Amino acid sequence: SGRRQDIFIGHHLGDLVVVDLDADADRDIVVANGPTSDSITLLFNDGQGNFSARAVVAAQAGAAQVAAGHLDADGYVDLVVANRLANTVSVYLNDRNGGFSAAVHYLVGVAPGEISLADVDADGHVDIAVATSGSRAVSILHNTGTGSFTSLTAPSTSLRPSALAAAGLTADIFDDLVAGGHGDFLVFLENEDGQTYQRQDIEIGFPIRQVRVADIDANGVGDIIAVSADSGRLQLLRNRLVGRQVPPRAPVAVQAEDVTRDLGGRIRVAWQDGDYGLQPPSQQIIPTTGYTVLRSASLDFAVAETLAVIPGGTFSYEDPDATPYSTFYYQVVAERAGLQSAPSAPASATSLPAPLIDVKLSNAPRVSRGDTLVAQVYLTPAQHDIAGVSVFMTYEPTAMTLIPSPSDTLRPFRVSTDLAASFTSAINGYHSGSFDSTGKVDLTLISTVPGGTASLTASVEPVLLAELWFLASKEASTFLSIDDEPTTNRSSAVVEKGSGLWIEPVLGDTTKLSVRDLFVSGQIQVQQRGTTAIDGDLATLLFVRTTNDTLVSAINDEDRLRPGIQVSLDDQGRFNLDKIPVGTYRVFAKVATHLQGIVVGDTVSIDSSRRHLTFRWVAPDSSALSLLPAGDGNNDNHVNLADFGVLVRHYGSTPSSSEWTVARQTDYNGDERVDFDDFMLLADNFGRIGMQVTTPSARSASERGHVWISDMGILHGEGLGPITGLSLALPAHSEVSLEQTPFADMNTYMHSWPEPAGQQRVALVLSDRGAIPIPGDGPLLNLGMAERDGSLAQLRDVEILTAQGQSRRVSVVDSRPLHTQLGRNFPNPFNPTTTIPFDLSNNGRVRLEIFDILGQRVRVLFADEMLAAGHHAVVWRGLDEEGRDVASGLYFYQLKAGGLVHSRSLLLLR
């Protein structure tokens, strides 16, 4: 046996309903406290089937009947109470917390009893029907849609109704009424139109206590169940509607209209069901199963085509194949239970393209922070002559800063100059009249051309109306839209010339774009520079793509007259870059006083994530330094004799010196003085070369001229041109002088410093600025007899300083050769470079080439170039004409000079 719970109410109870009052998924109980009371009791379920919580709500005298339903649109259950002695109905609207607002009392007929809730006028709102036995009628309260009610005409029953049911019993959209009471018959009130009722008395043979409607035989229509008031009987009345096989009425209110805001080719057909209006099949007594849409090019439908069969419950169809500018006629046929209706009345329409307003962005879809974005607004008039056009747009000011017209900062749109003579700007401003934080801007152009002539004539070609300029100010996903906002009077539209017809155009889709901030940071560390010395320095950054072109970035470049990206460093050598495009780069960094470095890893991929770059300098032996070497005084990415010359000329300079702007380039340690410490940095790095952007050439630069040592130990130059200094490496014990050379009679600065392997470096430059260079042909330096006797082979890295301040490497030869000949390359075998020596006994044109074993030319080292007589050497780096590495193997090199041809072999082993 189950658990029993006694709940004491304390009245002669009249009625109850079980319903969820507080939307907690538990079923609660509402009790009408009876004909002797003026209240109802609410019993709330605690979720366990207990009803200890209750509330008593005031009604009026004789609260005998209660019903529950959704009387407004909030989705919560509301209550209706029939007050038998007060002749009223009380309506309680749920306050969404399980409580109810104060009752509204509506006067009805005499002695109201059973309540039935139904949509009697098919307007989609629940109405109230109540049996009023004292009036021998059914009182009806019409729901206005908000839970308030007005009285409708009460249909008569000719008996004292005490039982009432409302439901759809016929094949239309209106709910019917069934009433019973103290007579021995049942009253069926067929609802014809929501206000008029056709009465039919049905003999039952006993007075009726209760009546209900239900589909007893599952045939889709309601049947009537009547319960006797004076005996233990009930009677079932089966609905004969299905058996009558009534065909549906033809659809009504058929309309065909051109689909607006399209480019033509679509017509929309809409209708209502002849029996049920727009009622869904679930509410139809015998549901309409489908509608057939017919189309014809003529009104008489002599030739018609079936476009589609639309399922019941759908009351429109869009014809996607309506040829623009052609008129079509449409009919609709309904079907249910295998029976078809007659065709509906015809409706016709012609599809025409609408004008198009669209936006084109100058540099979408890729937009980076700092970009100027130009949005061009175009109008395609279609078949219309245009007298006016309004364009309303919205952007996000937090992502894009609008750049107004330079002639008037209150005008956001820059109207096309092509329209200036024929249209005037009635509106061109921010929606609020000044800068609008919502990003809404408005433009209205009105034709100033008199008469029937329009400057924006019918055409399928887009016409530029205006431009909006923006600065992409932050990284964001943002939008730019053409607006259609009728409630704020901001509907973009055009006005047709002559007719003045207001036409809704096709509006381009909202433009979505991403403003990206591809943030790149980095740090450049340089040799012997303190934090204050590097703060504010400009560094040169080169982002070289895989296609070998160098990135240009105006937003980051602080000096666009110089190559690469010029960016300031902080006191730690750090920098930041914005909006570097996605891609893979070789990245090089250079500070003016130091050699160029390359990003660690040699390449870096820039994508949507942040990248931090660090740099290194790599020596020929593949050893690497994280501090970029100092000593590049002339910023040519070499530390050589030219830098020594610059340092000598500015030695001792400080910021107070007039030439400090230039002299600062040799202040390698940044202590604001050019002194011995800077010289030592240069000496440490002498001969080093910064990392190169371009692929090294197949041979070294042509070494014009050479030097040789006479029998007296004098270093001679030949074919060098005017010089202002020289440098060379020779054994550490060697003593050099300027005796018997032109330098002896000039002001010079000569210094030597030790180098590895028992060598010393000697550098000599003219110390006077503006000094006349000495000839490069003749004696240059006195090396002493010892050098001629035994140390010539150890003389290396001879450089000269030209009159233009450039350092150039020259070769060392014994003397002028007697014969033209091709020497053996060294080393051999080699990887990856080898030196090819050759002698020329006379001045002349020289051709030197590399061939593979098949006789195919691999590389041209000298292409019929004019060279002076003497000893020469050229370096081949194992590259072909395209700068690519060649494979291991045997190759031949061939010299053509003075009518002679010389060939030798060499072996590359990788």
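Restricting attention to the stretch 43-64, does a residue exist that is on the phi > 0 side of the Ramachandran plot, outside the structural domain of Gly147 (by TED's automatic domain parsing) and over 60 Å from the mean Cα position of the chain (by Cα)? No, that holds for no residue.
The set of residues in the stretch 194-213 being more than 21 Å from Val227 (Cβ to Cβ) and either assigned to a strand (DSSP E or B) or free of Cβ contacts under 8 Å to residues at least 60 places away in the same chain (or both) consists of Thr196, Tyr197, Gln198, Arg199. Among the residues of this structure, Thr170 does not count as one that is more than 20 Å from Leu93 (Cβ to Cβ), over 60 Å from the mean Cα position of the chain (by Cα) and β-branched (Val, Ile, Thr).
Got at least one residue in the stretch 502-519 being of a type outside the set (Val, Ile, Thr), surrounded by fewer than 19 Cβ atoms within 10 Å (Cβ to Cβ), assigned by TED's automatic domain parsing to the domain that holds Gly670 and at pLDDT 85 or above? Within the stretch 502-519, none of the residues are of a type outside the set (Val, Ile, Thr), surrounded by fewer than 19 Cβ atoms within 10 Å (Cβ to Cβ), assigned by TED's automatic domain parsing to the domain that holds Gly670 and at pLDDT 85 or above. Residue-level check: of (1) among the small types (Gly, Ala, Ser); (2) part of a strand (DSSP E or B); (3) modelled with pLDDT under 90, Ala533 misses just (2). Whether any residue in the stretch 7-17 is surrounded by 13 or more Cβ atoms within 10 Å (Cβ to Cβ), charged (D, E, K, R), part of a loop (DSSP other than H, G, I, E, B) and modelled with pLDDT of 90 or more is what I want to check. So far as the stretch 7-17 goes, no, none of its residues is surrounded by 13 or more Cβ atoms within 10 Å (Cβ to Cβ), charged (D, E, K, R), part of a loop (DSSP other than H, G, I, E, B) and modelled with pLDDT of 90 or more. Out of the residues in the stretch 575-616 that are over 13 Å from Thr540 (Cα atoms) and of a type in the set (Gly, Ala, Ser), which is nearest to the chain's Cα centre (by Cα)? Here the residue is Ser608.
Whenever a residue of the stretch 853-867 is free of Cβ contacts under 8 Å to residues at least 40 places away in the same chain, its partners that are loosely packed, with under 12 Cβ neighbours inside 10 Å, lying with C-beta atoms within less than 6 angstrom and at least six residues away or across chains, give the pairs Ile853/Leu890.
The combined condition, being touching a residue at least 24 places away in the same chain (Cβ under 8 Å) and surrounded by fewer than 22 Cβ atoms within 10 Å (Cβ to Cβ), is fulfilled by His612. Where strands (runs of 3 or more DSSP E) fall wholly inside the stretch 74-157, the ranges with 3 or more residues that are among the hydrophobic types (A, V, I, L, M, F, W, C) and either under 60 Å from the mean Cα position of the chain (by Cα) or farther than 25 Å from Ile285 by Cα (or both) are 78-83, 112-118, 137-143. Scan the stretch 678-695 and give yes if some residue there is modelled with pLDDT under 80, outside the structural domain of Leu764 (by TED's automatic domain parsing) and either in a loop (DSSP other than H, G, I, E, B) or buried (at least 16 other Cβ atoms within 10 Å of the Cβ) (or both), otherwise no. Within the stretch 678-695 (the criterion being modelled with pLDDT under 80, outside the structural domain of Leu764 (by TED's automatic domain parsing) and either in a loop (DSSP other than H, G, I, E, B) or buried (at least 16 other Cβ atoms within 10 Å of the Cβ) (or both)), the answer is yes, since at least one residue qualifies.
Reported count of residues in the stretch 403-413, each being surrounded by fewer than 19 Cβ atoms within 10 Å (Cβ to Cβ) and touching a residue at least 24 places away in the same chain (Cβ under 8 Å), is 2.
Among the residues of the stretch 474-483, is there at least one that is in contact with a Phe, Trp or Tyr (Cβ under 6 Å, 6 or more places away or on another chain), part of a loop (DSSP other than H, G, I, E, B) and among the acidic types (Asp, Glu)? Yes; the residues of the stretch 474-483 include at least one that is in contact with a Phe, Trp or Tyr (Cβ under 6 Å, 6 or more places away or on another chain), part of a loop (DSSP other than H, G, I, E, B) and among the acidic types (Asp, Glu). Number of residues in the stretch 64-91 that are crowded, with 24+ Cβ neighbours inside 10 Å and farther than 16 Å from Gly14 by Cβ: the value is 1. Residue count for the stretch 710-758 under the criterion of being of a type outside the set (Val, Ile, Thr), in a strand (DSSP E or B) and closer than 22 Å to Val648 by Cβ: the result is 16.
Scanning the stretch 94-149 for residues that are of a type in the set (S, T, N, Q) and in contact with a Gly (Cβ under 8 Å, 6 or more places away or on another chain) yields Thr132, Ser133, Ser135, Ser139. Considering Gln255, Gln272, Gln279, the condition of being within 42 Å of the chain's Cα centre (by Cα), among the polar types (S, T, N, Q) and either surrounded by 14 or more Cβ atoms within 10 Å (Cβ to Cβ) or not in a loop (DSSP other than H, G, I, E, B) (or both) is satisfied by Gln255 alone.
The values are calculated or read from the model by the stated rules, or taken from the named source; none is laboratory data. Being a predicted model, the structure only gives us computed values, none of them experimental. Counting neighbours? That spans all protein chains shown, and the Cβs are built from the backbone with ideal geometry, glycine included.
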